[in-house]
DNA sequence: TGTTCGTTCAACCATGTAGTTGACTGATAG
DNA sequence: CTATCAGTCAACTACATGGTTGAACGAACA
C-alpha cells in the first residue's frame, strides 16, 4: 500500500482517456497482442503502442512476449489501488455525515431520534473547525 | 447511470492531480470556502480557483454561496461512479479468471479439484477468440 | 452608494498529451 | 544467416494543462 502520489497521478491519468479505457476493457476480457488490440481502433499502430505505454506506466498492464508478438496482460492490483483510494474519500464523507447526523439527533429535542437518514443533503452547519491537511 | 465517456474523462482527469486530490480530501472532511482551501497550499488563489473548476467540471464538487464567500461541497455520487466503473474492470477480470479456473479444473484429471486458487497467475491459454469491442 | 472582499477572467508561458509519418530495432521463423 | 514482422522511437503538429500576474466582476456590508 505504498501509493506514491506520482503513481496515483499516472494511474488516474491513464484512466482519463476513452481509448485507454476501451483497451483496458479488452484486455480484462482476454489476453491480446498489441497488434490485435490495434485492429479494434481507427488509430495508427504507433498511437496504440503509446496508449499501452501509458497503461504500463500506470502499472495497469504488463507485457509478455509470446512468440513474435507481445501479449498485454491486465494487472488488477492497480485497479484495486485506484478503487480503494476513491473509496477512502467516500468514507471520509460518510463518517463526517454520520458525525453530523449524530450531532443533529443529539441537540434536537429527540423529536425524531435516528430518523435523519441519508436523504438529508447539504447540512448547513458551516462551522467545522477540525480539519487537518491530509497531503494527497 | 449515464456515464458519458466525456464525463468519465473529466472525472478521472480531475483525480489525476495531487493538489486536487488534497482538495477533495479537505472538502470530504469539512465544508470550506475557496479562500480557506487556498490557505493550505503554496499556490496562488487563481490556481486553486482553477483546480476547483476542474473538480466542478468533473461533478466531484459543487459551490454554494454563503455570505460573501463560496463554500465548496463534495458530491459523493461522482466518486461512486468512478469507483464502480473501476470495479467493473475488476469484475471482468475476475469472471474471466473464474471461467479459466473452471476450465482447468475440468480438463485436468481431477487431480486437485477446485484447488487452483487465485495464487495462479498468467494463465497461458493464449487463444481467446470471443472478444467484442466494448467501446468505453 | 460606494467600497471592500472573495473570486474569476484574460493573457501569457512552460510543459505534457494525443496524434501523425517514417525510420529503426530486434526476436523469430525459415 | 537473413528476411520478416511486431513493435518502438524520433520528430513534428495541435491542443490541453498547470502555473503565474494583474485587471475585472459581483455580492454584501457600512
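Bear in mind these aren't lab numbers, they're just calculated from the coordinates by the rules spelled out. The structure displayed is predicted, hence computed values, not measured ones. Note that each Cβ is placed from the backbone with ideal geometry, even for glycine, and that neighbours are counted across all protein chains shown.
Brief remarks follow.
- Projecting label points 7 angstrom from Cα along Cα→Cβ for residue A:65 and residue A:91 puts them 4.2 nm apart.
- Per residue of peptide B:25-35, the mean number of Cβ atoms on other chains within 10 Å of the residue Cβ is 6.
- Neighbour-count ranking [beta-carbon atoms within 10 angstrom, fewest first] of A:10, A:45, A:97: A:45, A:97, A:10
- FRET E, pair residue A:53, residue B:47, Förster distance 22 Å, beta-carbon r, rounded to 0.05: 0.15
- Order of B:96, A:4, B:57 under a 10 Å beta carbon neighbour criterion, fewest first: A:4, B:57, B:96
- Where labels lie 7 Å past Cα in the beta-carbon direction, separation of residue A:3 and residue A:98 in nm: 1.8 nm
- Viscosity 0.890 mPa s, 25 °C: Kirkwood-radius Stokes-Einstein D of the stretch A:1-110 over Cα pairs, µm²/s: 152 µm²/s
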